[in-house]
Every structure is written in C-alpha cells, then in structure tokens.
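The values are calculated or read from the model by the stated rules, or taken from the named source; none is laboratory data. All figures in this text were calculated on a predicted structure; none of them were measured in a lab. Neighbour counts are summed over all protein chains in view; Cβ atoms, including those assigned to glycine, are modelled from backbone coordinates with ideal geometry.
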Amino acid sequence: MTLLVSSPVAGTVVEVGEVPDPVFSAGMVGPGTAVEPAGSQVLAPVDGRVVKLHPHAFVVQPPSGPAVLVHLGIDTVQLGGAGFTVHVAEGDAVVTGQLMVEWDPAEVRDGGRSAVCPVVLLEASPEQVELRAAPGAAVEPRDPLLAVP
C-alpha cells in the first residue's frame, strides 16, 4: 500500500537541499522536500498518531510506513512557542487535512528566520521516496507532496 504524504501548508515547493539548515538539507533526519509557506494553517500530512509535538514541529506516525516530520521554519525552536497555536495533543489520532497548528510565517521571516517547512520521512531511505510535487510548484494543503510505494 502506498503512503501518500500531502502538503501540510499552502506555498511553493522547495528542494530539500536548499533548506538553510544542514540537518535537513543533507538529509540527516531523512529524505523529503520542503514548502515555502504562503498561509497560516498547518494540516496533518497523513492519517496517523501524533507521536511528537512541539509548537514549531510535529511527527505523525501512519499505521504503516515511515513517520512524517513537519518542521515549521528554521530555528523557530528559539521562539519558545510564541506565535504558534497548537490544535492537537501528543498521542492524538489525526486524519489527513486536520488542522494541527496555526502560525504566521511572515512574522517568522520578519524576525530574521526562514519560514520554509521541511516535510521529511523519518527512518526512510531516499530510494523509497517519490516526489509528487517538483521544486517551484505551487501547492495547496492536501496536495500530494511525497509518496512511499
């Protein structure tokens, strides 16, 4: 069964190698892509359970396949949760498209940080992952972003 990972945010797809953080750009946490966000709502990219939750990042574990990490901006952990409204709790079951977090990417940018949102498959190899949206493509939440056949 194919795991389809949808875009958690509206925006423009960015090559993960262009993310201004070596942990993501070098694929240290896993393969994936990123989206330069255009809106404030962040939705669940897959059906599953929220296994890790911070205001600036979360991990959803689907019933089968690798867990999906969504990170909202770069160095946003330094904000200590300010500017993020979390709508779920760790341990919650979520469905694709469910509201997870609200934030203001423009405020993050105004503070001198990148608002780019890496979407990464944990404990997956790059060969397992198919990109479903090319860098430069405009995406809406729920649009296909990645797949693991």
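Among the candidates Gly83, Gly91, Gly65, single out the residue that is loosely packed, with under 15 Cβ neighbours inside 10 Å and either part of a loop (DSSP other than H, G, I, E, B) or not hydrophobic (A, V, I, L, M, F, W, C) (or both).
Matching residue, one of Gly83, Gly91, Gly65: Gly91.
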| message | Six or more apart or on different chains, Cβ atoms under 9 Å: show the pairs whose first residue is in the range 133-148 and under 12 Å from Thr33 (Cβ atoms) and modelled with pLDDT of 95 or more and whose second is in a strand (DSSP E or B) and charged (D, E, K, R). | response | Leu146/Glu130; Ala147/Glu130
| request: Only residues that are farther than 20 Å from Val50 by Cβ and part of a loop (DSSP other than H, G, I, E, B): list them for the range 68-79, please. | output: Ile74, Asp75
| query | If we keep just the residues of the range 100-125 that are more than 30 Å from Pro149 (Cβ to Cβ) and small (Gly, Ala, Ser), which is nearest to the chain's Cα centre (by Cα)? | reply | Ala115
| remark: Scanning the range 108-149 for residues that are of a type in the set (Gly, Ala, Ser) and under 26 Å from Val77 (Cβ atoms), the one surrounded by the most Cβ atoms within 10 Å (Cβ to Cβ) turns out to be Ala115
| said: Show the residue pairs meeting these rules: Cβ distance below 8 Å; 6+ apart or different chains; first residue within the range 92-119 and closer than 12 Å to His56 by Cα and among the small types (Gly, Ala, Ser); second residue at pLDDT 95 or above and in a strand (DSSP E or B). | reply: Ala115/Glu36; Ala115/Pro37
| query | Where residues in the range 114-148 are in contact with a Leu (Cβ under 8 Å, 6 or more places away or on another chain) and of a type outside the set (A, V, I, L, M), which of them is farthest from Val42 (Cα to Cα)? | reply | Gln128
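Can you pull out the residues in the range 42-81 that are of a type in the set (A, V, I, L, M, F, W, C) and free of Cβ contacts under 8 Å to residues at least 24 places away in the same chain?
Ala57, Val77, listed by residue number.
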| query | Which pairs do you get when a residue that is at positive phi, found in the range 17-35, comes within reach of a residue that is part of a loop (DSSP other than H, G, I, E, B) and exposed (fewer than 12 other Cβ atoms within 10 Å of the Cβ), reach meaning Cβ atoms under 7 angstrom, with the pair 6+ apart or on two chains? | reply | Gly30/Glu123
